[in-house]
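The values are calculated or read from the model by the stated rules, or taken from the named source; none is laboratory data. Note that this is a predicted model, so its numbers are computed, not measured. Every residue, glycine among them, receives a Cβ derived from its backbone with ideal geometry; neighbour counts consider all protein chains shown.
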């Protein structure tokens, strides 16, 4: 019978597609990872990976094992958690970089303060990229924007907080700048958030409701990069006003409310409908519920 540690290693190799990358995550040499995988294959009597040169590819039998391995590892984690007071152990989360710049960083600080035995591993990325990783069990949960489409039945999303969509302009632009928000959008170079992302889709809807056609400039998939470019006077943009970020004190930046706009970016928690780390995700949701009431 393979150990939980071997199953965990198998899942990391299945996700990363590399003994070396998996070893970096689990703290083993590539050779030791390879030995664990071969031991697992011998125990269950089937090959799990196709090997081509130095590359390894999860085969059909390997893919069939992933759900069962995830279930066993999750059940073991649940037993460990129930035997420990409070929250402890490792939680693997995904989070938007902009959420880490804003309100979620405060939530993490409080969780670590209140539960010192808790080890939180964070992966930064884009909302859409986290859906598959949470569904497969590679992540326990992820902080994302509100999904623009219906999620798979195995997933659920809960709003944590909202951020208004605002127009940001430079105080020292390299172009003429009027006082009218709509005229600014029509005439100034527009730095657009990547429209293939969920936040980019929201920006498109804000512009559509305002019935404004912008002068397209760069298209960027990072709020912080857009803000840096606006500060340098290269254009204007519509972005979420990040919670906990004091842009109004920025001497290089001016924040303007968009007249008539009622669209906010909602940031929330994406998780499976049933998983072993629900005590942790419940604590995150409770933190934000209490924060809204203050």
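Structure summary
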{"read-out": "Within the range 216-234, tally of residues that are part of a loop (DSSP other than H, G, I, E, B) and on the phi < 0 side of the Ramachandran plot", "value": "4"}
{"read-out": "Whichever residue in the range 235-265 is out of contact with any helix residue (DSSP H, G or I) (no Cβ under 9 Å at 6 or more places or on another chain) and assigned to a loop (DSSP other than H, G, I, E, B) and, among such residues, is nearest to residue 161 (Cα to Cα)", "value": "246"}
{"read-out": "Selected residue (only one of 204, 281 is part of a helix (DSSP H, G or I), under 24 Å from the mean Cα position of the chain (by Cα) and buried (at least 16 other Cβ atoms within 10 Å of the Cβ))", "value": "281"}
{"read-out": "Residue check for residue 182: more than 26 Å from residue 130 (Cβ to Cβ) and either surrounded by 14 or more Cβ atoms within 10 Å (Cβ to Cβ) or at pLDDT below 95 (or both)", "value": "yes"}
{"read-out": "Residues located in the range 6-19, provided they are in a helix (DSSP H, G or I) and in contact (Cβ under 8 Å) with a residue 12 or more places away in the chain", "value": "6, 7, 8, 9, 10, 11, 12, 13, 14, 15, 19"}
{"read-out": "Every pair of residues 6+ apart whose Cβ atoms lie under 6 Å, when the first sits in the range 36-60 and is within 16 Å of residue 22 (Cβ to Cβ) and assigned by TED's automatic domain parsing to the domain that holds residue 26 while the second is assigned to a loop (DSSP other than H, G, I, E, B) and modelled with pLDDT of 90 or more", "value": "41/47"}
{"read-out": "Residue satisfying condition, being under 22 Å from residue 245 (Cα atoms), without any contact (Cβ under 8 Å) to a residue 60 or more places away in the chain, surrounded by 14 or more Cβ atoms within 10 Å (Cβ to Cβ) and assigned by TED's automatic domain parsing to the domain that holds residue 238, within set 168, 226", "value": "226"}
